[in-house]
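Below is one structure, written out as structure tokens, with a few remarks after it.
The values are calculated or read from the model by the stated rules, or taken from the named source; none is laboratory data. Since the model is a prediction, treat every value here as computed from it, not as a measurement. All Cβ positions, glycine included, derive from the backbone under ideal geometry; neighbour counts span all protein chains shown.
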Amino acid sequence: MIPARIFVKSVFYRIYSIVIAFLFFWILFGELRTATGYTLALEFIKVIQYYCFEMIWLRIPASWLKAAPHHPETTFTHSS
């Protein structure tokens, strides 16, 4: 089961991505209808792309996905 917080974050991220794409196309073309069409087309392509990625991912052997060794010197830390 997907934790609720991750699910909500995923939904908000998709909404955010759609809005950003729409604004980009609206600025680029200057027309709401064209921006909407390109945004919907992009989202359709992304659904297909995600499905294809999942199919590829399922074929990757688990042995290839072992955790890489941790290198503290390359770890990003947030400084205040």
Residue list for the range 5-61, restricted to those being hydrophobic (A, V, I, L, M, F, W, C) and either in contact (Cβ under 8 Å) with a residue 24 or more places away in the chain or not in a helix (DSSP H, G or I) (or both): Ile18, Ile60
Residues of the range 1-56 satisfying the condition of being of a type in the set (A, V, I, L, M), more than 15 Å from the chain's Cα centre (by Cα) and surrounded by fewer than 13 Cβ atoms within 10 Å (Cβ to Cβ): Met1, Ile2, Ala4, Leu23, Ile27, Leu28, Leu32, Ala41, Met55, Ile56
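Scan the range 42-63 and tell me whether some residue there is hydroxyl-bearing (Ser, Thr, Tyr) and at pLDDT 95 or above. Steps first, please.
Going residue by residue through the range 42-63, those that are hydroxyl-bearing (Ser, Thr, Tyr) are 50-51, 63.
Filter again for at pLDDT 95 or above, leaving none.
No, there is no match, as no residue in the range 42-63 is hydroxyl-bearing (Ser, Thr, Tyr) and at pLDDT 95 or above.
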